[in-house]
Amino acid sequence: KEVPVEVNYMGEPAEGYMATGVVVSDPAAVRIAGTTYALSGISKISIPEDRLDITGASGNLSETVDLRDYLPDNVSLADSSFNGKVTATVYIEPIVEKELEIPAQNVTITNVPEGMSAELPETEEPYVLNVSGLAEFIDPLLQNGIRGVVDIAAWMEEQELTELEPGTYTIPITFGLAEEVTAEEITV
């Protein structure tokens, strides 16, 4: 039976770096042998997370791992020419930071309580949004394409408010960014 090799890891890379989420085993799959019963419950061979600790890493981490250590009882490698060793790699990249200037007209207000109206402070100045994350998510961000929303109902729920008095409130802007992007909070 041919099964994939699953690589797990633990730890946090060095300050200013993060794991990309890409983890590779070379080879990616192996052939195993055993009784039908023994093989029926196996869908993969997992390398446990404590075998690959990325703590403090500032670049890709590769380890040679002997899969024979992780085979279930009564299961062996089927290919006699394969020594059981795989190269497991966790990809780690530097965190990229970028300052975006979001045009004021790209920010709107939603979910205003019934019977009330709301407006943003008049400004011609763009909102400065500092973002960080992996280059693949940060590099494509275009400041004119990012929209911001001031969701009054969501803010009221967070603050455990059921109604608002007329007045001025400071509420965060929510930007439509991928979850892989970290953004500093901006309030209006």
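The values are calculated or read from the model by the stated rules, or taken from the named source; none is laboratory data. The structure presented is a predicted model; accordingly, all values stated were derived computationally and were not measured. Glycine gets a Cβ as well: all are built from the backbone with ideal geometry, and neighbour counts include every protein chain shown. All accessible areas refer to the heavy atoms of the entire protein, side chains included, with ligands and DNA or RNA removed. Shrake-Rupley method; radii C 1.70, N 1.55, O 1.52, S 1.80 Å.
Selection of the range 142-154 for residues being open to solvent by less than 30 Å² (accessible area, probe 1.4 Å) and under 26 Å from the mean Cα position of the chain (by Cα) yields I146, G148, V150.
Can you tell me which residues in the range 155-175 are open to solvent by less than 70 Å² (accessible area, probe 1.4 Å), free of Cβ contacts under 8 Å to residues at least 60 places away in the same chain, touching a strand residue (DSSP E or B) at 6+ places or on another chain (Cβ under 9 Å) and part of a loop (DSSP other than H, G, I, E, B)? The answer is I171, and nothing else. Residues in the range 101-122 that are of a type in the set (A, V, I, L, M, F, W, C), over 28 Å from the mean Cα position of the chain (by Cα) and farther than 18 Å from E163 by Cβ: A104, L120. Note on the range 23-42: residues that are at pLDDT 95 or above and part of a loop (DSSP other than H, G, I, E, B) total 2.
Restricting to the range 80-129, and then to whatever is part of a loop (DSSP other than H, G, I, E, B) and among the β-branched types (V, I, T), can you tell me which residue is modelled with the lowest pLDDT?
T123
I'd like to know if the range 62-70 contains one or more residues that are part of a helix (DSSP H, G or I) and either on the phi > 0 side of the Ramachandran plot or open to solvent by 70 Å² or more (accessible area, probe 1.4 Å) (or both). Yes, some residue in the range 62-70 is part of a helix (DSSP H, G or I) and either on the phi > 0 side of the Ramachandran plot or open to solvent by 70 Å² or more (accessible area, probe 1.4 Å) (or both). Whenever a residue of the range 3-18 is hydroxyl-bearing (S, T, Y), its partners that are surrounded by fewer than 18 Cβ atoms within 10 Å (Cβ to Cβ), lying with C-beta atoms within less than 6 angstrom and at least six residues away or across chains, give the pairs Y9/E49; Y17/S58; Y17/P94. Just one of the numbered conditions (1) open to solvent by 30 Å² or more (accessible area, probe 1.4 Å); (2) more than 19 Å from E97 (Cβ to Cβ) is not true of A178: (2).
Summed over the range 1-22, the residues that are surrounded by 15 or more Cβ atoms within 10 Å (Cβ to Cβ) and part of a loop (DSSP other than H, G, I, E, B) give a count of 4.
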